[in-house]
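Every number in this text was worked out from the coordinates using simple rules, so none of it is lab data. This one's a predicted model, so the numbers in the text were calculated from it and none came from an experiment. All Cβ positions, even for glycine, are placed from backbone atoms using ideal geometry, and neighbour counts span all protein chains on display.
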Amino acid sequence: MGMAAAAAGVVNYPLVAALLAFAVAQSSKVFTTWYKDNRWDARQFIASGGMPSSHSATVTALAVAVGIQEGFRSASFATALVFACVVMHDAFGVRLHAGKQAEVLNQIVYELPEEHPLSETKPLREILGHTVPQVLAGCILGILMAVVMHLALGRS
């Protein structure tokens with residue numbers, strides 16, 4: 001039995017595919033920030049928001065890997081797919097709008113007079129969600145990671 005075949009028997013393929021997709025998405029944010037802003041920012045390794053969506057990459061890789069392993073007609077795949085859709089909708093819906101609201105609130109606080117009790121309030125995090133292209137890029141990355149892991153583990 002080859003090394004890949006032996007590893008395939010003990011590796012939780014959907015979990016590894018999801019974690020790999022997350023790691024690749026977060027790592028790539030460093031490069032997309034460099035490309036966009038022409039600066040290196042190591043904080044992007046742990047930042048939320050940005051291109052691509054690591055949340056979308058993670059849940060899509062999980063759903064696709066479960067579909068490959070358990071079958072695309074299985075209850076497990078249906079559960080993972082619904083979970084992925086909820087997470088991705090939240091990323092470009094609720095969280096994106098919460099970030100925009102935080103931006104407006106920060107501007108309001110910034111314009112308060114110094115004597116106002118809220119003028120020293122710590123700014124809210126503004127980059128919380130994702131745009132649709134960021135979510136789609138994460139989704140594509142997740143599919144790729146699930147397929148690459150499937151091929152790398154020699155799954156049939």
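From most to least packed by mean Cβ count within 10 Å, the peptides 69-82, 52-65, 134-147, 19-32 give 52-65, 134-147, 19-32, 69-82.
Segment A152..E70, full-extension length gain: 27.8 nm, with 0.36 nm per residue of separation and the alpha-carbon distance subtracted. Stretched out straight at 0.36 nm per residue, the stretch from F83 to V11 would grow longer than its current Cα-Cα span by 23.7 nm.
Backbone geometry of the range 132-138 corresponds, through the Karplus equation with coefficients 6.51, -1.76 and 1.60 at θ = phi - 60°, to 3J(HN,Hα) couplings of 4, x, 5, 5, 5, 4, x Hz, x marking Gly and Pro.
Neighbour counts of C-beta atoms inside 10 Å place H150, H89 in the sequence H89, H150, starting with the fewest.
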